[in-house]
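Engineer: Handing you this structure, nothing more for now.
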Amino acid sequence: MGEAIVITSGKGGVGKTTTTANLGTALALQGKKVCLVDTDIGLRNLDLVLGLDNRIIYDLVDVIEGRCKVHQALVRDKRVEEKLFLLPAAQTTDKNAVTPEQMKSLIDELKREYDYVLIDCPAGIEQGYKNAVAGADRAIVVTTPEISAIRDADRIIGLLEKEDIEPPKLIINRIRKELMNNDETMDINQITLHLSIDLLGIIIDNEEVITSSNKGEPIVMNPNNKASLGYRNIARRILGESVPLMTIEGEQKGMFKKLISIFSK
Amino acid sequence: MKKQLVHIKGTKEGLVLRLDDQCAYAELVEELERKVSEGSIDGTVDVQLHLGNRYISKDQQQQLVDIVQYTGSMHVAKMHSDVITIEESREKLLTSQSETFVGIVRSGQVLESSGDIIVIGDVNPNGKIEAVGNIFVLGNLKGIVHAGIEGNRDAVIVASHFEPTHVLIADQIEVMSNESPFVKNHVEQLFAYLNTDGIISYERLQEVRKIRPLLSTVKGGS
């Protein structure tokens, strides 16, 4: 019996879909059987980030309304051998086409076959959110260091704490080290203390995340990238390993630069 | 001789009508009507009604007041009864009790209390506490707090880290964006109260004992 993890944030555009795609791929690379479920019905895009958009035949609503079997709707990712599958969202209807009960039974069915079921939650706290959370055992809240994202994360954590699931865990996405080091944004410690939930990991902002998403290839496929390392670390923590938090310091200063910085004080 | 059901006594503050608490209510009303119409008083006089161990409803209270004030020469200043209903007593108990909340009041959540409330944890921005009594936050207060929501102007708001966005006490509201420099520079261990002019003021929480000494509920000790 696998585990269902919902990835949510409250605010839109903080990187739920990118996180879902990358964590799913990272877990699959670790040898786990993973199913990604896009619950953003009407605004699907997890398939694009994974580069699977042109292989969709059936979608989540087709499964729920009985037009096809679950395995017919699942799209297999060929890059990760028989490990990574996607259940795409429907594009032609809206979020009210599904009820939380239907969602729960669907996720329960998937959990029997997969080690991890990652549920990509839509932004907001309405029907779509309720559907996405219904079948989950655990929750991951994604935020960025912006106060608007943190405020919405706080709200969503409050809602998640009322659900019958484990306490949610936090991912701080899109960290801009120069802003954080200059106290222009809240730092990791402040955000974690403010939201007072466990920190699962941090992702440093990186342009390659966007360019590689545009190519339909999650950044974790590239092992030599800081953001990719962040996602791989988080995947290992989900699997129960203890991995130290990466530092957000800039490039190591050389001896000469260190001397200059001492004298320039 | 028949027992008198209404005793009239003169005091410095005016007349005291002591109403018998054993007879039937109808008899009492009848005798009160007679007694009140008998007397002839110049001007108006304040009257206190003592009901003893009789419980009367709101309607009956109004009826008694109407009877006494019918002649226009008497004004009911006070009505006193030695008994209250169990429900009223329960309400009183609730407002004098303090509740404890362990956790974090997050954005969009409202924590309500019918008495005092102690929060062991933080109140995050957009989180709200509404209490009939006082509010004590043993953590970071960064949200909205409303003490004395039913009009208790003696209610206070105490926090170990005092940085709320809105402070409300009884019917007064203060938006903290134009906060006083005092609050900005002393966010640690502060409390808010209504001063004698009815304006929300802030002071170090050590000053509570001087400004609201009656807040203390310690029993025993030496």
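Engineer: Averaging over every viewing direction, what projected area does the convex hull of the Cα atoms of region A:38-81 cover, in nm²? Could you put the intermediate results ahead of the total?
Structural biologist: Values: hull surface 13.2 nm².
Hull-based average projected area comes out at 3.3 nm².
Engineer: From zero outward in steps of 10 Å, how is the percent of C-alpha pairs of region B:90-215 spread across the bins?
Structural biologist: Answer for region B:90-215: a P(r) of 14, 51, 31, 3, 0 percent.
Engineer: Taking 0.36 nm per residue of sequence separation and subtracting the Cα-Cα distance, how much length would be gained by fully extending the chain between B:Leu94 and B:His80, in nm to one decimal?
Structural biologist: Once the chain is fully extended between B:Leu94 and B:His80, it gains 2.8 nm.
Engineer: Applying a 10 Å radius around every beta-carbon, put B:139-151, A:64-76, A:95-107, A:23-35 in order of their mean neighbour count, most first.
Structural biologist: Highest mean packing first, the order is A:23-35, B:139-151, A:95-107, A:64-76.
Engineer: If amide H atoms are built 1.01 Å from N in the plane of the peptide, which residues on other chains or at least 5 residues away come under 5 Å of the amide H of A:Arg176?
Structural biologist: The list, which skips near neighbours in sequence, is A:Asp205.
Engineer: Something else about it: Hey, what do the phi angles of region A:196-206 turn into as Karplus ³J(HN,Hα) couplings, whole Hz, using 6.51/-1.76/1.60 and θ = phi - 60°, x for Gly and Pro?
Structural biologist: Result, ordered by residue: 6, 10, 5, 8, 8, x, 10, 10, 7, 4, 8 Hz.
Engineer: Now for a separate question. Could you tell me how many cubic angstrom of Cα convex hull volume region A:3-263 has per residue?
Structural biologist: 127 Å³
Engineer: Tell me, what is the percent relative contact order of chain B, built from C-alpha pairs under 8 Å that lie six or more residues apart?
Structural biologist: Relative contact order for chain B comes out at 10 percent.
Engineer: Ratio of region B:6-80's C-alpha Rg to 2.2 N^0.38 Å, to two decimals?
Structural biologist: 1.01
Engineer: Using the Cα centre as the reference, give the magnitude of the dipole from point charges on the C-beta atoms of region B:90-215 (Lys, Arg: +1; Asp, Glu: -1; all else neutral), rounded to the nearest 20 debye. Write down the numbers at each step before the final one.
Structural biologist: Values: 11 positive and 16 negative charges, 41 e Å.
In debye, rounded to 20, region B:90-215 gives about 200.
Engineer: Per-residue Cβ counts within 10 Å, from other chains only, averaged over B:101-108: what number is that?
Structural biologist: Taking the mean over all residues of the peptide, I get 6.
Engineer: Run the reach check for A:Lys177 against aspartates and glutamates, Cα to Cα strictly under 18 Å, same-chain hits fewer than 8 apart removed. What comes back?
Structural biologist: Candidates past the 8-residue exclusion: A:Glu146, A:Asp187, A:Asp205, A:Glu207, A:Glu208, A:Glu249, A:Glu251.
Engineer: Further question on the same structure: Could you work out, residue by residue across A:155-163, how many beta carbons of other chains sit within 10 Å of that residue's beta carbon, and then give the average as an integer? Working shown, then result.
Structural biologist: Numbers: counts 7, 3, 4, 10, 4, 1, 4, 1, 0.
The shielding value for this peptide is 4.
Engineer: Using alpha carbons only, what's the Rg to Rh ratio of region A:78-171 with Rh from Kirkwood?
Structural biologist: Expressed as Rg/Rh, it is 0.98.
Engineer: Over its Cα atoms, what ratio of radius of gyration to 2.2 N^0.38 Å does chain B give?
Structural biologist: Details: Rg = 24.3 Å, N = 222, 2.2 N^0.38 = 17.1 Å.
Against the compact-globule rule of thumb, the ratio is 1.42.
Engineer: How big is the protein assembly as shown along each principal axis, measuring the range of its Cα positions in Å and listing the largest first?
Structural biologist: Result, largest extent first: 109, 72, 40 Å.
Engineer: Order the peptides A:205-216, B:156-167 from the highest to the lowest mean number of other Cβ atoms within 10 Å of their residues.
Structural biologist: Numbers: A:205-216: 15.7, B:156-167: 21.4.
The densest-packed peptide leads the list: B:156-167, A:205-216.
Engineer: Take the solvent-accessible surface of the protein heavy atoms, probe 1.4 Å, and return the percent of it on region B:6-80 that carbon and sulfur atoms account for.
Structural biologist: The computed percentage sits at 46.
Engineer: Amide H to amide H under 5 Å from B:Glu203: which residues, 5+ apart in sequence or cross-chain, H placed 1.01 Å off N in plane?
Structural biologist: B:Phe191
The values are calculated or read from the model by the stated rules, or taken from the named source; none is laboratory data. The shown structure was predicted, so the numbers you read here are calculated from the model rather than taken from an experiment. Backbone-built Cβ (ideal geometry, glycine too); neighbour counts: all protein chains shown. Calculation scope for accessible area: heavy atoms of the full protein, side chains included, ligands and nucleic acids excluded. Shrake-Rupley method; radii C 1.70, N 1.55, O 1.52, S 1.80 Å.
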